[in-house]
1. Taking the condition of being of a type in the set (D, E, K, R) and more than 23 Å from residue 55 (Cβ to Cβ), how many residues in the range 117-165 meet it?
2. Tell me the residue from 228, 215 that is closer than 25 Å to residue 48 by Cα and either among the charged types (D, E, K, R) or in contact (Cβ under 8 Å) with a residue 60 or more places away in the chain (or both), please.
3. Return yes or no: is residue 191 closer than 29 Å to residue 148 by Cα and not in a helix (DSSP H, G or I)?
4. Could you list, in sequence order, all residues of the range 120-129 that are under 12 Å from residue 81 (Cα atoms) and touching a Ser or Thr at 6+ places or on another chain (Cβ under 6 Å)?
5. In the set 119, 78, which member is among the aromatic types (Phe, Trp, Tyr) and closer than 14 Å to residue 130 by Cβ?
6. Do you know which residues across the range 49-71 are surrounded by 15 or more Cβ atoms within 10 Å (Cβ to Cβ) and out of contact with any strand residue (DSSP E or B) (no Cβ under 8 Å at 6 or more places or on another chain)?
7. Take the residues in the range 52-92 that are of a type in the set (Asp, Glu) and touching a helix residue (DSSP H, G or I) at 6+ places or on another chain (Cβ under 7 Å); name whichever of them is nearest to residue 121 (Cα to Cα).
8. On the basis of being out of contact with any Phe, Trp or Tyr (no Cβ under 6 Å at 6 or more places or on another chain) and not basic (Lys, Arg), does residue 127 make the cut?
Amino acid sequence: MDSGSPRVDAESDFLRARRHQVLSSLAARLRNDRDDVAQTMSFDEVVEALGRRAEHYVGTRVIPLDAIVGSVDKVRDFDRRFRPTSARSRERWERLARASRTGEVIPPIEVYQVGDYYFVRDGHHRVSVARSLRLQVIEAKVTVVETFLAPVGIGARADLERKYWRRLMLQRVPFTGEARAAVAVDDPVDYGIIAETVEAWAARTMHAEKAYFDKPTMAARWYAEEFKPVVQMIEDAGVRGDDERPAAAYLRVAGERYRLIREHEWNAEVMEAVGRKGRRKR
């Protein structure tokens, strides 16, 4: 219940926000959650992982507060729900809370938009106060940032490592369409192995054909002539593990093939040998 005094209510707002942040942090530790799940995301880390292409200012808009997930330069001052993580800025926070409660005009915040995510450039305390007052939207000056990878599936900082290595792989081997989706893996390191595998295959193929082809041709031919047929052989031989992604199965079986028989060819005898030695439990 509000007391009727903007000053007293603003103080209560801050104490409540701090209490919720402390309790939320404690609960996360008891659940053994990763720290980065609760932390505000870093704009620089996200854009570095996804790859910046361009940016443009789109004007002032009303944006949902729940879509604001990160910050440009105050990552440690607020948690993912923009509750203050310390009392350092209490005076400023309460001053804004009083202004909001008395109907003063609050200037728009400034944000970067990356897909459906927003990152605060200026106005962190305004976002924090608005969320504490259970508002749903806030006015913001928006600059849209376009990225090389689609900005989806980013729940925590840990997801950025996989995005980063996938971007590097796609810049070396520009898969498109069906192939781009098919080479997805869970282990970030595997993206580097895929890139090296494709480039080595292309080097052998160009040497055999005494011809040169560019990166898009390299990606398309490896997918059509190497990856798809081999994945089908793996399926037919029954050596793909339960819930194993096709690209992960390809890398595992290809590595096992070379370890066992030092061979780059694919045929029924090779698959039989690999199957005998490296079959996974199903």
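1. Residues that pass the stated criteria total 4.
2. 215
3. For residue 191, the condition - closer than 29 Å to residue 148 by Cα and not in a helix (DSSP H, G or I) - is not met.
4. 129
5. On the way: 119 fails: closer than 14 Å to residue 130 by Cβ.
Just one listed residue meets the conditions, 78.
6. 49
7. Going through the qualifying residues, I end up with 77.
8. Numbers: out of contact with any Phe, Trp or Tyr (no Cβ under 6 Å at 6 or more places or on another chain): no; not basic (Lys, Arg): yes.
It is false that residue 127 is out of contact with any Phe, Trp or Tyr (no Cβ under 6 Å at 6 or more places or on another chain) and not basic (Lys, Arg).
The values are calculated or read from the model by the stated rules, or taken from the named source; none is laboratory data. Just so it is clear, the model here is predicted, and its values are computed rather than measured. Using ideal geometry, Cβ is built from the backbone for each residue, glycine included, and neighbour counts are taken over all protein chains shown.
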